[in-house]
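Engineer: What follows is a single structure, and I will ask about it in a moment.
The values are calculated or read from the model by the stated rules, or taken from the named source; none is laboratory data. Because the structure is a prediction, the values reported are computed rather than measured. As a convention, Cβ positions derive from the backbone with ideal geometry for all residues, glycine included, and neighbour counts pool all protein chains shown.
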Amino acid sequence: MQFSNTTTKNGIVQLTERLCKLGDGGITNDTTLFLQITGDLNQAYKKVSMALLRVDKYWKWDDTNYTDFPTASINLVASQRDYTLPAAVSGGNASTLWKLNKVSVMGLDGKYRQLTLAAPDAYEDTNTGQPETYKLIGGSIRIIPLPVASAVTLTAGLQIEFQRSIIEYTTASTTVQPGFMDSYHDLLAYDASSTYLLPVNQELAINYSNIFENRLKLLQKDYSNRNDDAQYIITTYPINSK
């Protein structure tokens with residue numbers, strides 16, 4: 001489902017207009033409201049994305065609108081332990097990196113080798129060599145032992161694999177579609193409509209919120225069954241009948 005289609009009337013924004021009983025063009029013809037609803041749709045998109053992060057460790061979710069992989073390389077500095085975690089989205093800040101998946105260091109042979117997570121109280125000695133473990137403190141990653149040019153490749157030597165925030169919509173996004181199963185794109189409209197209606201029609205807002213939560217659970221269940229080769233633990237999700 002496209003973000004907005006004022007011709008066919010089947011975009012997410014147009015569904016939001018209908019759910020909120022705003023009439024045709026009630027959002028797109030109101031500059032301020034269009035900006036506000038776009039913000040609400042982005043927040044709904046983030047809720048869905050965070051829910052998908054919890055589902056499948058074998059096939060990690062990433063917004064399909066991205067044209068690059070969720071990895072970042074950092075230059076190592078000889079004998080430096082502490083490095084700032086990268087912003088996962090261009091133009092964003094550290095908050096766009098939602099989850100850390102893997103940390104690797106490049107050896108002199110040009111191959112990355114995965115580090116293991118050290119215990120929080122692990123001793124940080126001053127030994128140098130090829131890093132083997134790492135610790136996370138706030139927005140920083142600390143590697144042990146200290147890297148040196150005789151043991152590792154310093155240029156782009158530290159690689160971070162992560163899961164990240166979405167590519168946010170703007171009012172000009174029009175044909176852009178959410179980066180998850182298209183049969184659940186209506187989730188964004190239900191959640192944004194609930195947010196808009198909460199101070200206006202609380203009963204309808206709660207109904208839309210319940211629909212959102214129930215369909216979100218179905219989406220999580222469907223995502224957990226996308227790959228027949230993976231072994232899963234089946235989890236049942238309660239469905240609110242209200």
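Yes/no matrix, rows are residues, columns are (1) crowded, with 20+ Cβ neighbours inside 10 Å; (2) in a helix (DSSP H, G or I); (3) over 20 Å from the mean Cα position of the chain (by Cα):
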residue	(1), (2), (3)
102	no, no, no
109	no, no, yes
124	no, no, yes
156	no, no, yes
163	no, no, no
175	no, no, yes
191	yes, yes, no
207	no, yes, yes
215	no, yes, no
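Engineer: Let me ask you something else. Please find, within region 58-80, the residue that is surrounded by the fewest Cβ atoms within 10 Å (Cβ to Cβ) out of those that are out of contact with any strand residue (DSSP E or B) (no Cβ under 9 Å at 6 or more places or on another chain) and within 19 Å of residue 102 (Cα to Cα).
Structural biologist: Among residues in region 58-80 that are out of contact with any strand residue (DSSP E or B) (no Cβ under 9 Å at 6 or more places or on another chain) and within 19 Å of residue 102 (Cα to Cα), the one surrounded by the fewest Cβ atoms within 10 Å (Cβ to Cβ) is 68.
Engineer: Another question, if that's okay. Considering every residue within region 6-18, establish whether at least one is at pLDDT 95 or above and among the acidic types (Asp, Glu).
Structural biologist: Checked region 6-18: at least one residue is at pLDDT 95 or above and among the acidic types (Asp, Glu).
Engineer: Have a look at 184, 123 and point out the one that is in contact with an Asp or Glu (Cβ under 9 Å, 6 or more places away or on another chain) and either in contact (Cβ under 8 Å) with a residue 24 or more places away in the chain or assigned by TED's automatic domain parsing to the domain that holds residue 92 (or both).
Structural biologist: 184
Engineer: Can I ask one more? Could you go through region 137-154 and let me know if any residue there is exposed (fewer than 14 other Cβ atoms within 10 Å of the Cβ) and either assigned to a strand (DSSP E or B) or in contact with a Pro (Cβ under 7 Å, 6 or more places away or on another chain) (or both).
Structural biologist: Yes: one or more hits.
Engineer: Mind listing whichever residues of region 84-100 are surrounded by fewer than 13 Cβ atoms within 10 Å (Cβ to Cβ) and not in a loop (DSSP other than H, G, I, E, B)?
Structural biologist: 84, 95
Engineer: Can you tell me which residue within region 13-43, out of those that are part of a helix (DSSP H, G or I) and of a type in the set (Asp, Glu), is nearest to residue 201 (Cα to Cα)?
Structural biologist: 17
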